[in-house]
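The structure appears right after this line, and notes come after that.
Laboratory data are not the source of any read-out in this text; all were calculated from the coordinates shown. Source: prediction; values computed, not measured. When we count neighbours, we look across all protein chains shown, and the Cβ atoms used for this are built from the backbone with ideal geometry, even at glycine.
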Amino acid sequence: MPADPKSPARSIATRTGDDGTTALLYGQRVPKNHPQVEAVGALDELNAALGFAKATRPAGADAAELERIQHELVALMGEVGCAEADATRYADSKFAKLGDPALARIDTAVAAVEARQPKFDGWATPGANLHAAALDLARTAARRAERQLVGLKAHGKTIRPLLLQYVNRVSDLLWLMAREAENT
């Protein structure tokens, strides 16, 4: 028997967005093209691109760093998707939050790949192999997300500097990982 179409608890199709709006973290309705929704969407695209990069990795290659970044992006999306008026409520909540250890881990990962000195000649031309191309797609998604985050200030949303630093470094890491993947 099909689910009752008026029962949103049984379906992903809640129909609450049929009017072109969506909810921020604590329920405030905004247009689907609201800058915060655009930023969360860009971060979601990055998360999906990281999933694609994981799926294309060579047999035996460790996916742990990509998975950690994916989990951290969920926390980042929660913070970005919170209305400015609810920032204190969010800060006091039990939601996972991105912190200095995550940024330090990314910096360490960047240094580790740099120490292996991946070969590249000038600017990269993506597509040497499927995994390298997937990492480059994730890198460009990270840069788009970074641009969206930077733009939120003009719309009255406070973004902690750590969030921008994190997304910037993730992009750097993905660029290095893609160059390394080109040579495998």
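If the viscosity is 1.567 mPa s and the temperature 4 °C, what translational diffusion coefficient in µm²/s does Stokes-Einstein give for segment 32-182 when Rh comes from Kirkwood over Cα pairs? It diffuses with D of about 81 µm²/s by this estimate. When both segment 21-59 and segment 125-183 are represented by their alpha-carbon centers, they are found 14 Å apart.
Against the chain, whose longest principal axis is taken from its Cα atoms, helix 130-152 shows a tilt of about 50°. Dipole of the chain computed with +1 at Lys/Arg Cβ and -1 at Asp/Glu Cβ about the Cα centre; of Val30, Gly151, His71, farthest Cα towards the positive end is Val30. For Leu24, the shell of other residues with beta-carbons less than 12 Å away shows a net charge of +1, using +1 for Lys and Arg and -1 for Asp and Glu.
Relative to the longest principal axis of the Cα atoms of the chain, the long axis of helix 35-55 lies at roughly 40 degrees.
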